Amino acid sequence: MSILITGGAGYIGSHTVLYFRDQGEDVIVLDNLEKGHEQALLGTTFYKGSIQDEALLSQIFKKHTIEAVIHFAASSLVGESVAKPLDYYENNVLGTQKLVKQMINHDVKQIVFSSTAATYGEPKNIPIQETDPTNPTSPYGETKLAIEKLFQWCDEAYGLKSICLRYFNAAGADPQGRIGEDHTPESHLIPIVLQVALGQRKNVQIFGDDYQTKDGSCVRDYIHVIDLAAAHFLALQKLRQDPKTAIYNLGNGKGFTVKEVIETCRVVTSHPIPTVVSDRRAGDPATLIASAELAASELGWKPNYPELETIVQHAWKWHESNPTGYNKK
Ligand code: UDP
């Protein structure tokens, strides 16, 4: 039996593929390589294509005995989603509808889904719990929430069992340095700061320092990408033993300000990392911190790399050895 991982060549997907392989699972990847990197797959069985290609999906489900799907393939930039909502509904919602249709057609009834803290929007309570209201402030969050609901209805209708994992801020890289984070253009804080340490940018822009937080910059909950990968594995084990549709937050339960992240990067890289304060970025809530108590109690999930310094060290290890990413070594 194999596990199909869609979007397995992306940042979180590729770390999950590696983690599953390290656990002895047989993995097959489907990725259109729009954002992903084939090099990150380290030779895993791979189909290049879209989740919207129903003929390809059907071919994969016929050729391999697929036990379950881990579903990452999606467009995932908040700002871009505001500019191109129709693309996000097409890639994310319609793409997932086609994937699930083929799963049901081929009697595959278990899925672990890459959801997001963006489903909550501006939080009412900190730390955020799974039972808190969901009011997304972007098409990105809205499409992820729509997919979570699609899964719930498909449980009622077809017995599809899903576990949706709402990630907070994924960061870090494979501790062994085999793979890492490579986005073009880069928009995430830690890789941007490390690009300054590598001399590829002059400074880091701090998007707003007048938030109601301890130093005025935004607070986020950074979680090691391998801890996220491990949560997908535990979610699959849960579906195998006790198949029930569920939603879990994945975070450290601890927040760091943008300025604290930059300071940690200074310590790890020994680079002064100059900063400039610029305007707030549209749609950024002041503080996002997860309560991951449900994932701890029901999945037995506990982050192995909770320290921000360790997360940055692992990211730095990969960036230092691969300063121009995967393609241009
Ligand atoms: N951020 C920043 N400068 C940058 C990139 C990000 O100040 O060049 C801030 C951003 O406003 C947010 C935090 O860093 O408060 C994390 O942003 P990121 O894009 O990494 O993740 P997000 O929280 O949007 O998922």
So if I take the alpha carbon set of the stretch 176-248, get Rg, then get Rh from the Kirkwood formula, what is the Rg over Rh ratio?
1.12
Dipole axis of the chain (+1 Lys, Arg; -1 Asp, Glu on Cβ), positive-most option in 230, 212, 136:
230
Place the peptides 289-297, 277-285, 203-211, 68-76 in order of packing, highest mean first, counting for every residue the other Cβ atoms within 10 Å and averaging per peptide.
68-76, 289-297, 203-211, 277-285
In bins 5 Å wide, starting from 0, what share of all Cα pairs of the stretch 237-282 does each bin hold, as a percent?
5, 13, 14, 14, 11, 11, 6, 9, 10, 6, 1
With +1 on each Lys and Arg Cβ and -1 on each Asp and Glu Cβ, and nothing else charged, work out how big the dipole of the stretch 142-206 is about its Cα centre, in Debye to the nearest 20.
200 debye
Projected onto their principal axes, the Cα atoms of the stretch 77-175 stretch, largest extent first, over whole-Å spans of 39, 35, 29
I'd like the Kirkwood hydrodynamic radius of the chain, using the inverse of the mean 1/r over distinct C-alpha pairs, in Å.
20.0 Å
If amide H atoms are modeled at 1.01 Å from N in the peptide plane, then the residues at a separation of 5 or more from residue 164, or on another chain, having amide H under 5 Å from its own are 113, 246, 247, 248
Which far-off residues, 5 or more places away or on another chain, put their amide H under 5 Å from the one on residue 70, with H placed in the peptide plane?
4, 5, 6, 112
How compact and how long is the stretch 1-118, expressed as Rg and Dmax of its alpha-carbon atoms in Å?
13.6, 41
Provide the descending list of Cα extents for the stretch 265-329 along its principal axes, expressed in whole angstroms.
41, 32, 27
If you put +1 on each Lys and Arg Cβ and -1 on each Asp and Glu Cβ, how big is the dipole of the chain around its Cα centre, in Debye rounded to 20?
380 debye
Show that you can apply the helix-only estimate: for the chain, add -39,500 (n - 2.57) for every DSSP H stretch of four or more residues, divide by all residues, and state [θ] at 222 nm to the nearest 500.
-10500 deg cm²/dmol
For the stretch 194-329, the Cα convex hull volume per residue in Å³ comes to 145 Å³
Can you list which of the trypsin sites (Lys or Arg not before Pro) found in the stretch 97-150 are DSSP loop residues with at most 14 other C-beta atoms within 10 Å?
124
Relative packing of peptides 309-321, 220-232 - highest average C-beta neighbours within 10 Å first:
220-232, 309-321
At 1.4 Å probe radius, can you tell me the per residue accessible area of the chain in Å²?
43 Å²
Normalised by the empirical 2.2 N^0.38 Å for globular proteins, what value does the Cα Rg of the stretch 108-224 take?
1.31
Bridge type composition, the chain - antiparallel percent by DSSP, nearest 5:
5 percent
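The values are calculated or read from the model by the stated rules, or taken from the named source; none is laboratory data. Bear in mind the structure is a predicted one, so any value in this text is a computation, not a measurement. Cβ atoms come from the backbone with ideal geometry, glycine included; neighbour counts cover every protein chain shown. Surface accessibility is based on the protein's heavy atoms, side chains included, excluding ligands, DNA and RNA. Shrake-Rupley method; radii C 1.70, N 1.55, O 1.52, S 1.80 Å.
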